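Inspection log for the structure reproduced underneath, given as structure tokens.
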Amino acid sequence: MKKLLILTSTFLSIASAAPVKVFILSGQSNMTGRGTLGDLKKPAPEQKATLVRYIMEPKNGDKYKFLYDGPQKNNAGWTIRDDVFITIGERHGGLTTNFGGFRYNGFGPELPIGHLLGDYYKEPVLLVKVAFGGCSLFKDMRPPSSGGTTGEKYPLIIQGVKTAIEKMPEIVPGHSKEAGYEIVGFFWNQGESDMSPEAAPEYEKNLANLINDLRKDLNAPNLKSVIAVTGFGGRNPDISKAEARAASEQVIAAQFAVSKRPEFKDTTITVETRDFYLPQDPFGGNKQGIHWHGNGEAYWLVGEAMGQAMLPLLKSLPVKE
């Protein structure tokens, strides 16, 4: 099977001479994305648990037309931006759908995040997505400052960003190395794999160390960070074992606690996502019992909340809890 790359060679960046604003997106499978897109050419009400059904709701009106009425579109009819770019592994291009999901057949938080950042900046934006399914912060992505063995995935995050910077003239059409770049922000969506009695007690420390180590290793001391609460299951998840429930609550508490640490004042914020959970009955979705049931609306709302939370940090405004 040939690798499918969404090429950007036909685009001419409107701000190719400006420094590129770089944002890192990392975490586990919910950051890689499992959101179901749906078909823009079919009746939306019939497509349960899809992004199409949600954006075509009467209450949303014209709010989300930008997702499908841009001048450049992919084969499925979704807008491709020429001022926001994304790279994940060997795949890169102007921001559009299909940078998430199994075999890139869906989307993740990157889609709303990218649109919000693109509307905010006059400069071009590059999203560097380096995420891994089923990985813990306790082991797989363990940052160096946490001691013990550094997780094998941590160097991959660093290398992913450095590779994207090296290949920036290829990824962002018209951009030259002389124009430069700025590593601005970090989006984190992870937690399920740390919901154990062993890993949960370390989560706050490990996540704080992750942010600090990224700042150091990427020479980005002012890195702004948005943490998404691990929200699958909503406010009352179906966790029968007391030990597992306690670990789940501990991880979520740690995610909130990190952004309240003095060293992260007005540079890091935690976003609540549990209210975006949509049960499979009656909202539909896959039968995996994870990944927000693949519900496109839920994935959109999570990413939208993350992107909106980043904006005041970029303006250096005080964080409102």
*Would you be able to say whether some residue in the stretch 147-160 is polar (S, T, N, Q), over 15 Å from the mean Cα position of the chain (by Cα) and exposed (fewer than 15 other Cβ atoms within 10 Å of the Cβ)?*
yes
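Residue-wise test of (1) surrounded by fewer than 17 Cβ atoms within 10 Å (Cβ to Cβ); (2) out of contact with any strand residue (DSSP E or B) (no Cβ under 6 Å at 6 or more places or on another chain); (3) without any contact (Cβ under 8 Å) to a residue 24 or more places away in the chain.
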residue: 271; (1), (2), (3): no, no, no
residue: 276; (1), (2), (3): no, yes, no
residue: 282; (1), (2), (3): yes, yes, yes
residue: 285; (1), (2), (3): no, yes, no
residue: 289; (1), (2), (3): yes, yes, yes
residue: 292; (1), (2), (3): no, yes, no
residue: 295; (1), (2), (3): no, yes, no
residue: 299; (1), (2), (3): no, no, no
residue: 310; (1), (2), (3): no, no, no
*Which residues, taken from the stretch 86-135, are touching a residue at least 60 places away in the same chain (Cβ under 8 Å) and of a type in the set (D, E, K, R)?*
90, 91, 110, 122, 123, 129
*If residue 114 satisfies every condition in (1) under 17 Å from residue 199 (Cβ atoms); (2) surrounded by 24 or more Cβ atoms within 10 Å (Cβ to Cβ); (3) not basic (Lys, Arg) but one, which is the exception?*
(1)
*Report the residue count in the stretch 252-281 for those that are more than 15 Å from residue 212 (Cα to Cα) and either β-branched (Val, Ile, Thr) or not in a helix (DSSP H, G or I) (or both).*
8
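Since every read-out is calculated from the coordinates, none of them should be taken as a lab result. Computed from a predicted structure; not experimentally measured. Neighbour counts are summed over all protein chains in view; Cβ atoms, including those assigned to glycine, are modelled from backbone coordinates with ideal geometry.
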